[in-house]
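Notes to accompany the following structure.
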Amino acid sequence: CAFLGDNVTILCSSPDTNGSGVITPNGETGRRDIVDIEERDSGMYTCSLDNVCGDTIESFYLAVFDPAIIDRETPLPPDTPDERHFGAGRSDGPMNVAENVTVRLHCPYSGILVPTTRWLLVASDRTTTEIVDMPPDIMLINDTVNRNLILVINNFREEFEGTYRCDTGNIAGEDEGDVVIQIEEEWNTTSWSSCDPDCHLGTRMRVVTCREVNTCILLPDNRCIEEKPASMERCIDRGPCFLDPQWVAQEWSQCSQ
């Protein structure tokens, strides 16, 4: 066998024959060099030798393999309000989804020799567990026609948040791609407070929290992806506290004598 892109030499000769034999299917004599081998070069090759005592034919099948690869370019089905689609290895950041939607994770793969493909759940310590069917919430669909292993997660909720990894491999090589899925979050802000002090240059405050979009459950700030809005800013409520400088006189003290 050979791997896609290899350089291969086929020899057809023997010290017991006069000259070199013939290599078919192309009819080269003695030697055939295949540079940067392709899938079309796979097939049956025959070496034919003869001398005064007779002839002989030896045949072999040359198999050409290419590494298993995850397809990161093929368009995915369009999203709907109730169903989201994501592809393995297409984004480094987390993907946000609303609670209770259906999530479909696609892993389209290629390889001349059909690869072994699977979905894994990646734990916080980077260990992995292979995902199996757990209806009705989790289902695996192996689309052998389009070579796509689809992980379906129904009624997505907090317990399903995490990193999902597709890995695929054959004799020539392997590939993997991750998808990070989490419940959609957003920053929630209260109204600004009054400017303090209420004259000249002051500050005003507001409360900024990270919450789930649908349930409004309070979350740690690091769960919201977007930059956190300001919770304090400078303000001018009205002009200077004193329009013009002026003397302020206090009561006289007692006479010293």
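Numbers at a glance
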{"read-out": "Condition met for Ile57 (open to solvent by 90 Å² or more (accessible area, probe 1.4 Å), over 17 Å from Ser110 (Cα atoms) and touching a strand residue (DSSP E or B) at 6+ places or on another chain (Cβ under 6 Å))", "value": "yes"}
{"read-out": "Leu149 closer than 13 Å to Asp167 by Cβ, among the hydrophobic types (A, V, I, L, M, F, W, C) and open to solvent by 60 Å² or more (accessible area, probe 1.4 Å)", "value": "no"}
{"read-out": "Hits in the range 122-139 (condition: outside any loop (DSSP other than H, G, I, E, B) and of a type in the set (D, E, K, R))", "value": "Glu130"}
{"read-out": "Residue within the range 57-69 that is polar (S, T, N, Q) and touching a Cys at 6+ places or on another chain (Cβ under 8 Å) present", "value": "yes"}
{"read-out": "Matching residues, the range 226-246, being closer than 20 Å to Cys210 by Cβ and either loosely packed, with under 10 Cβ neighbours inside 10 Å or modelled with pLDDT under 85 (or both)", "value": "Glu226, Glu227"}
{"read-out": "Qualifying residues in the range 205-225 (those that are open to solvent by less than 30 Å² (accessible area, probe 1.4 Å) and under 30 Å from Val152 (Cβ atoms)) - the one modelled with the lowest pLDDT", "value": "Glu212"}
{"read-out": "Breaking point among (1) at pLDDT 90 or above; (2) surrounded by 12 or more Cβ atoms within 10 Å (Cβ to Cβ), for Ile171", "value": "(1)"}
{"read-out": "Index of the failed condition, Gly19 passing every other in (1) modelled with pLDDT under 85; (2) under 30 Å from Cys166 (Cβ atoms)", "value": "(2)"}
{"read-out": "Inter-residue pairs, beta-carbon under 7 Å, first more than 25 Å from Ile112 (Cβ to Cβ) and of a type in the set (Lys, Arg) and in the range 46-69, second at pLDDT 90 or above and outside any strand (DSSP E or B), 6+ apart", "value": "none"}
{"read-out": "Among residues of the range 110-136, those that are modelled with pLDDT of 90 or more, among the small types (Gly, Ala, Ser) and surrounded by 19 or more Cβ atoms within 10 Å (Cβ to Cβ), counted", "value": "0"}
{"read-out": "Residue match in the range 145-153 (condition: at positive phi and in a strand (DSSP E or B))", "value": "no"}
{"read-out": "Flag if Asp71 is farther than 15 Å from Ile153 by Cβ, surrounded by 15 or more Cβ atoms within 10 Å (Cβ to Cβ), in contact with a helix residue (DSSP H, G or I) (Cβ under 9 Å, 6 or more places away or on another chain) and not aliphatic (A, V, I, L, M)", "value": "no"}
{"read-out": "Filtered residues of the range 96-109 (kept if assigned to a strand (DSSP E or B) and open to solvent by 50 Å² or more (accessible area, probe 1.4 Å))", "value": "Arg104"}
{"read-out": "Breaking point among (1) at positive phi; (2) modelled with pLDDT under 90; (3) of a type in the set (Gly, Ala, Ser), for Gly202", "value": "(1)"}
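The values are calculated or read from the model by the stated rules, or taken from the named source; none is laboratory data. What you see is a predicted model, and the numbers here were worked out from it, not measured in a lab. Reconstructed Cβ throughout: ideal geometry from the backbone, glycine too, with neighbour counts over all protein chains shown. What goes into the accessible areas is simple: the full protein's heavy atoms, side chains included, and nothing from ligands, DNA or RNA. Shrake-Rupley method; radii C 1.70, N 1.55, O 1.52, S 1.80 Å.
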